[in-house]
Amino acid sequence: MGKNKKSGKKSSGKLILIIALLILAGGAYIGYNRYQAYQKQLAEQKAKEEQLRKQQLAEEQKRKELEEAKQKFEDLLSQMRQALAKKDYAGVRQLAEKARELALAYKFSTDEIEKILKEMNLAMAMAELSRLEKINDPYAYLYVRNRLKKIPRYPEIAKRWDKLWKKSFQNEYLVLLDLAENTSSKVNSGDSPEINYLLSKTYLKRAKAIAALGRAIPDKERENALLQKQSDGYFSSIGRSFQPVGLYR
């Protein structure tokens, strides 16, 4: 009986020990899992912080790069203005190309670039217009007109442009009258009268056509004098024996 009690006590003690060990093992397992979860959480937090740090560095680098690009862009605009002031138009164009590339890369506004280029083009147009206005030779009418075609008719110079354009036709009219008179004089002097008579009539006809279109102010007195001179030359140098249809009138 005593032995059974002792045996029961031993069994009970072992069971308690086993339970205690199981409890300790379970606690250790739970603790280990919690530790692992905590370490994982720390690692994830650290990774997030590292990612955030890299993102902030990248944004800071991008902001710094943008500021540097903006400063470079402003410097290019300043150089463009300086080149324009020196009338270094080739330099303005080269700088504008670089500024445009930078503006395209960083999405800057190109308004100031276009403004400076417009000022340059206007300055060039005004300079060329001034040069053409100083030409006093009526015989240069065609040259002046062809040059005008290459000058944009900006609002700032429109009146001057129109005046010179109209003057080129007035000069053409006067030149044609001169040529008509010169060839008519050759008729009177007997210098290839038939050919020069036809030329004189042609020049006068062209001159009158320009006036008829409203492109020149006609000089009726001079035109009538020319007609009379042509008539006199015809009768004095060509004679009645040579009268092709429409030659005289």
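For region 185-199, how many residues meet the condition of being surrounded by 14 or more Cβ atoms within 10 Å (Cβ to Cβ), at pLDDT below 90 and among the acidic types (Asp, Glu)?
0
Taking region 72-107 as the search range and keeping residues that are among the hydrophobic types (A, V, I, L, M, F, W, C) and surrounded by fewer than 13 Cβ atoms within 10 Å (Cβ to Cβ), which one is farthest from the chain's Cα centre (by Cα)?
Here the residue is Ala85.
Answer yes if at least one residue in region 66-75 is over 27 Å from Arg215 (Cβ atoms) and basic (Lys, Arg), and no otherwise.
The answer is yes; a qualifying residue exists.
Here are Ala158, Ala207, Ala225: which of them is surrounded by fewer than 18 Cβ atoms within 10 Å (Cβ to Cβ) and more than 28 Å from Asn121 (Cα to Cα)?
Ala225
One residue is enough: does region 63-74 have a residue meeting the conditions in a helix (DSSP H, G or I), of a type outside the set (D, E, K, R) and closer than 30 Å to Ala127 by Cβ?
Within region 63-74, one or more residues are in a helix (DSSP H, G or I), of a type outside the set (D, E, K, R) and closer than 30 Å to Ala127 by Cβ.
Hand me the list of helices (runs of 4 or more DSSP H) wholly inside region 83-154 holding 1 or more residues that are among the hydrophobic types (A, V, I, L, M, F, W, C) and within 20 Å of Lys72 (Cα to Cα).
In region 83-154, 89-106, 111-133 are the helices (runs of 4 or more DSSP H) which contain 1 or more residues that are among the hydrophobic types (A, V, I, L, M, F, W, C) and within 20 Å of Lys72 (Cα to Cα).
Of the residues Gln71, Gln36, which is of a type in the set (S, T, N, Q) and modelled with pLDDT of 80 or more?
Of Gln71, Gln36, the one residue that is of a type in the set (S, T, N, Q) and modelled with pLDDT of 80 or more is Gln71.
Note down all Cβ pairs under 6 Å where the first residue falls in region 181-196 and is in the same structural domain as Ser237 (by TED's automatic domain parsing) and without any contact (Cβ under 8 Å) to a residue 40 or more places away in the chain, the second is in a helix (DSSP H, G or I) and of a type in the set (A, V, I, L, M), and they're at least six residues apart or on different chains.
Thr183/Leu199; Asn196/Val187
Out of curiosity, is Lys107 in the same structural domain as Ala123 (by TED's automatic domain parsing) and at positive phi?
Here the answer is yes, as Lys107 does meet what is asked.
The values are calculated or read from the model by the stated rules, or taken from the named source; none is laboratory data. From a predicted model like this one, the values you see are computed outputs, not experimental measurements. With ideal geometry, Cβ positions are generated from the backbone for all residues, glycine too; neighbour counts draw on all protein chains shown.
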